[in-house]
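These notes are about the structure you will find just below.
The values are calculated or read from the model by the stated rules, or taken from the named source; none is laboratory data. Since we're looking at a predicted model, the values are computed, not measured. With ideal geometry, Cβ positions are generated from the backbone for all residues, glycine too; neighbour counts draw on all protein chains shown. Accessible surface is based on the protein model in full, side chains and every heavy atom, while ligands, DNA and RNA are left aside. Shrake-Rupley method; radii C 1.70, N 1.55, O 1.52, S 1.80 Å.
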Amino acid sequence: MKLQDLDVIITAPPAPGWGGRYWILVKVTTDTGITGWGECYASSVGPDAMTHVIKDVFERHMQGENPENIELMFRRVYSSGFTQRPDLTVIGAWSGLEIACWDILGKDRDRPVHALIGGRLNDKIRAYTYLYPESHHPLPDFWGSADMAAEVAVSMVEKGYTAVKFDPAGPYTIRSGHMPSMHDIQTSIAFCQKIRDAVGTRADLLFGTHGQFSTGGAIRMGQAIEKFSPLWYEEPIPPDSVAEMAKVASAVKIPVATGERLTTKAEFAPILRGGAANILQPALGRSGGIWETKKIATLAEVYNAQVAPHLYAGPIEWAANVQLAATLPNILMCETIETPFHDALIKSSITIENGYVNVPTAPGLGIDVDEDLARAHPLSDGGLHLQMQEDPIGYHAPNLFAGGAPVKEEP
């Protein structure tokens, strides 16, 4: 069996677009007719340019190879061009293609992926959700309203979720880490207070940021909210400042989590070694795929750290997260995004019950992809998957973080 054909599909989720402006789906077919699906979580170049990168990686390092030879292909990609270092864009391309290889192998052997990478330790995976606005919530007001956030938190807890994430600390910008304004600190305190009062001990609070603070600013913010006992403080400073993140971790009484922007064990190992975080959040469509992230999770075991796969993408990356999570003794939880489009794209083949993801037992990733639906939603704008703000934050009024995707008008 050899890898033969590749198709790249850029899918733009319909309004409101949670999961990003677009998803990069890859369909890989073998010479025996088996098709595997993957998803590339790479967004530092536009989707047209990324499509060329994905095709180059496949044709140069994978086409004609046995899909079993994951390690061989990874070493080719990782070392390409005399680099032997984690290139975010190239490894992002590889990650989705690697996931597709595992989908192929599972289908060829009539076994779920988790059975091929250590077997199933967990029948269900604890899920968490971001607090997204409901249809009656006005935008952008929702992003600065602790009352609205608490309302959604109650709704999610009533659905069975035992952890909810929110990000009231202001926008992230192209600039270096900043000192939070007093408005942003007070807004963050209000969110934690209102949500904790609303859900009590029924759910953990996950305090999200996007690396926007300076070291001192992250410490100030963390110390301001630590009395509400969040389960984690997510990426409080830019992710490549390992020693500085370790200073935050030692100064704040909240576990630090990081990883959505990191790739391969080469970038995760220093986090563990430096004591910068105790919860790792790899995004499998960027971190190197299933096998590389299994290695990252094993490293985390040595440091008594836990893994909580990140998701701000489509349901194929989610499926890969779930297959990996099923094998991990140190899994904490998995991020989920419940929208009708996420569900329809995989024909409801993964389910969430009472706040837990049921690990699918069907072959491969355990999903049935609706290819026609994916192709029916092409990208129509030129933005990146996620956008950074250029203007600095303000210190005279509250700063609104406008969410992870623009509100789109329905045709």
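Taking the criterion of being open to solvent by 10 Å² or more (accessible area, probe 1.4 Å) and of a type outside the set (Gly, Ala, Ser), would at least one residue in segment 319-326 satisfy it? No, segment 319-326 contains no residue that is open to solvent by 10 Å² or more (accessible area, probe 1.4 Å) and of a type outside the set (Gly, Ala, Ser).
Screening segment 121-155 for residues that are open to solvent by 30 Å² or more (accessible area, probe 1.4 Å) and among the aliphatic types (A, V, I, L, M) and picking the one that is nearest to ASP197 (Cα to Cα) gives VAL154. Count of segment 1-40 residues, restricted to those that are assigned to a loop (DSSP other than H, G, I, E, B), farther than 17 Å from HIS52 by Cβ and either polar (S, T, N, Q) or open to solvent by less than 10 Å² (accessible area, probe 1.4 Å) (or both), is 5. Out of curiosity, is GLU292 crowded, with 24+ Cβ neighbours inside 10 Å, among the charged types (D, E, K, R) and either in a helix (DSSP H, G or I) or in contact with a Ser or Thr (Cβ under 8 Å, 6 or more places away or on another chain) (or both)? Criteria met by GLU292. Report yes if some residue within segment 196-207 is of a type outside the set (Asp, Glu), open to solvent by 10 Å² or more (accessible area, probe 1.4 Å), modelled with pLDDT of 95 or more and at positive phi; otherwise report no. Yes - at least one qualifying residue is present in segment 196-207. Set side by side, the residues GLY96, GLY81 differ, and just one is under 25 Å from GLY46 (Cβ atoms) and modelled with pLDDT of 95 or more, which is GLY96. Among the residues of segment 310-346, the ones that are closer than 26 Å to LEU373 by Cα and part of a loop (DSSP other than H, G, I, E, B) come to 9 in all.
What tally of residues in segment 295-318 results from selecting those that are farther than 26 Å from ALA12 by Cα and open to solvent by 10 Å² or more (accessible area, probe 1.4 Å)?
Number satisfying all stated conditions: 8.
Among the candidates ARG76, ARG85, ARG60, the residue that is closer than 25 Å to LEU324 by Cα, touching a helix residue (DSSP H, G or I) at 6+ places or on another chain (Cβ under 8 Å) and free of Cβ contacts under 8 Å to residues at least 24 places away in the same chain is uniquely ARG76.
Considering only residues of segment 228-253 that are charged (D, E, K, R) and surrounded by fewer than 23 Cβ atoms within 10 Å (Cβ to Cβ), which is nearest to THR162 (Cα to Cα)? The selected residue is LYS253.
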